[in-house]
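Please read the structure below before turning to the comments.
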Amino acid sequence: MAPYTLRWGIISTGWICTQFTQDLLVDPKSRSVSDVSHKVAAVGSRSVESAQIFINKLKSAKDDDGWSWGVNNGLLDDTKPLGTYDEVYNDSDVDAIYVGTPNTMHHQCAKAALLAGKHVLCEKPFCLNSAELEELISIARSKNLFLMEVVWVRFHPIAYALEEVLRAGQLGKPQRFFGDLSFDNKMDTQDPSSRLLNPSLGGGSLLDLGPYPALWAMLLLHRHPLNQDKNPKLLFSHQTVYERTGVDLNTRWCLEWKGLCQGLLSTDLASFGLKTGSIVLQCEHGDLLIDYPPYRAESFEIHPKPDLASDKEGVQKASRHHHPIAPGNYGMSYEADEVARCIRDGRQQSDRMPWEESLLVQGWFDQIIRDGNTKLKDLRGTEGQ
Ligand SMILES: NC(=O)c1ccc[n+]([C@@H]2O[C@H](COP(=O)([O-])OP(=O)(O)OC[C@H]3O[C@@H](n4cnc5c(N)ncnc54)[C@H](OP(=O)(O)O)[C@@H]3O)[C@@H](O)[C@H]2O)c1
């Protein structure tokens, strides 16, 4: 049977849109997929020239670039460069919109796309606050459209492998979780108007990096077979203000899944995370350590407890496990496949990344910002507009 082909409209032409679009052009067979495929129907930018440059750059792929397959197979031949985002939302050749604009624009772009009858995959952080997200969900629900936040890691080979480890039960009950995503971003050398530093673009470590420790906490704790707490609580949080622009330089927060365990999460724009163990789940019978970077991890280790624990039932020997992203794929192709399958099957949300879980994470971010002292406290959402 011919694969179901999803026709994408790409909103904006920055870094992440480039990665995502390149992945749409990689041969699905490279990741053993034959039931769905992708086409780039239109690219929207604030200027038509920039949209055309974006397409031209993709077309100039070298032979060893993973996406050269799509270029050589004509997947960009009919791609329309459009000089406004609205033209993409209203294009009848487009089925689904990928939103890759700065954080403060996610809600308005996704809302406009949904109102024009398009399915939406929206970059993280999904929205600026829960009110914006609730509005998007309500529109998607009423118009029977698919809507999902980009949480690409949930669809990576390592995520399925780790679920299997937890399901097998060898590690026992979780006792502690630590999750971190940090970069030494040399903040003092950066342009204060840039996306990361600018509070009016939703900058700072929490909104930029926070979705990653959060997604691992959701995967390893919230979706743990022993978890019964559907409403984990934020126990406390701290944000360090970067005085030059008023965004958060770092954020630390603690969550509790009642009856399971607590998790300590952190993000930092002034230090790199650990090479092995940026994400750690300590369990009764052994510990799980996931490699850096948490947004594209391909390996994890399982370690026995320290000798002092003398746990006869527990993990006795350390082991290392490798679950690579398929060659030529940056890693965003897996979630694009999920979107295509959901839309093909008439589903509004993905079971692996449901609305309820995005709402939970968005709720923590609301509370952390409310309790902190950054300029993001003054940022208003665009819900209702
Ligand atoms: N999933 C991930 O791992 C990941 C990684 C990086 C970034 N992201 C997310 O992706 C989004 C974009 O990040 P990026 O690094 O791709 O940013 P970027 O390179 O700056 O691109 C953003 C694009 O948004 C458009 N835009 C519209 N209004 C803008 C404005 N006022 N200021 C700046 N740009 C504006 C521009 O495209 P046009 O000129 O074509 O309109 C610009 O190229 C953010 O929400 C970020 O959190 C996700």
Note to self: Compute the helix-to-body angle for 157-168: its Cα long axis versus the longest principal axis of the chain, expressed 0 to 90° and rounded to tens.
What the structure shows: 30
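Percent relative contact order of the chain, based on C-alpha pairs within less than 8 angstrom and at least six residues apart? All intermediate terms of the calculation are to be shown ahead of the outcome.
Values: 844 pairs, mean separation 71.6, N = 385.
So the answer I get is 19 percent.
If the only charges are +1 at each Lys and Arg Cβ and -1 at each Asp and Glu Cβ, what is the size of the charge dipole of region 112-238 around the Cα centre, to the nearest 20 debye? Provide the component values of the computation, followed by the final result.
Values: 13 positive and 13 negative charges, 103 e Å.
So the magnitude is around 500 debye.
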Note to self: Using a 1.4 Å probe on the protein heavy atoms only, what accessible surface does residue 118 show? Give it in Å² to the nearest 10.
What the structure shows: 20
Check: Picking from 276, 251, 189, which is most flexible by a Gaussian network model of the chain using Cα springs under 10 Å?
Finding: 189
Next item on the list: Run the accessible area of region 294-376 with a 1.4 Å probe and give the carbon-and-sulfur part as a rounded percent.
Entry: 49
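Where does the chain land at 222 nm, in deg cm²/dmol rounded to the nearest 500, when only DSSP H runs of n ≥ 4 count, each adding -39500 (n - 2.57), divided by all residues?
On the way: 11 runs with 109 residues, N = 385.
Calculated at 222 nm, the ellipticity per residue is -8500 deg cm²/dmol.
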Checklist line | Residue-normalised accessible area of the chain, expressed per residue, 1.4 Å probe, Å² | finding: 42
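About its Cα centre, what dipole magnitude does the chain give when the only charges are +1 on Lys and Arg Cβ and -1 on Asp and Glu Cβ, stated in debye to the nearest 20?
Working: 40 positive and 50 negative charges, 67 e Å.
Result for the chain is approximately 320 debye, rounded to the nearest 20.
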Notebook entry, point to check: Under a straight-distance cross-link criterion of Cα-Cα below 23 Å, which lysines are reachable from residue 173, leaving out those fewer than 8 residues away in the same chain?
Noted result: 230, 233, 258, 305, 312, 317
Note to self: Taking the 0 to 90 degree range and rounding to the nearest ten, how far is the long axis of helix 48-59 tilted relative to the main principal axis of the chain, both from C-alpha atoms?
What the structure shows: 70
Notebook entry, point to check: Against the longest principal axis of the chain, how steep is helix 355-371, in degrees 0 to 90 to the nearest 10, with axes from Cα atoms?
Noted result: 70
Next item on the list: Please give every one of the lysines within straight-line cross-link reach of residue 39, meaning a C-alpha to C-alpha distance under 16 Å, and leave out same-chain neighbours fewer than 8 residues apart.
Entry: 29, 59, 80, 118
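Considering Cα pairs under 8 angstrom that are at least six residues apart, work out the relative contact order of region 14-119 and quote it in whole percent.
Working: 130 pairs, mean separation 31.1, N = 106.
Across region 14-119, relative contact order equals 29 percent.
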Check: So how long is each side of the chain along the principal axes, counting just the alpha-carbon atoms, biggest first, in Å?
Finding: 64, 50, 44
Check: Pick from 161, 42, 113: which residue has the top mean-square fluctuation in a GNM of the chain where Cα pairs under 10 Å get a spring?
Finding: 161
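The values are calculated or read from the model by the stated rules, or taken from the named source; none is laboratory data. Because the structure is a prediction, the values reported are computed rather than measured. Don't worry about glycine lacking a Cβ; one is built from the backbone with ideal geometry, like all the others, and counts go over all protein chains shown. To get the accessible areas, we keep the full protein, side chains included, count just its heavy atoms, and leave off ligands, DNA and RNA. Shrake-Rupley method; radii C 1.70, N 1.55, O 1.52, S 1.80 Å.
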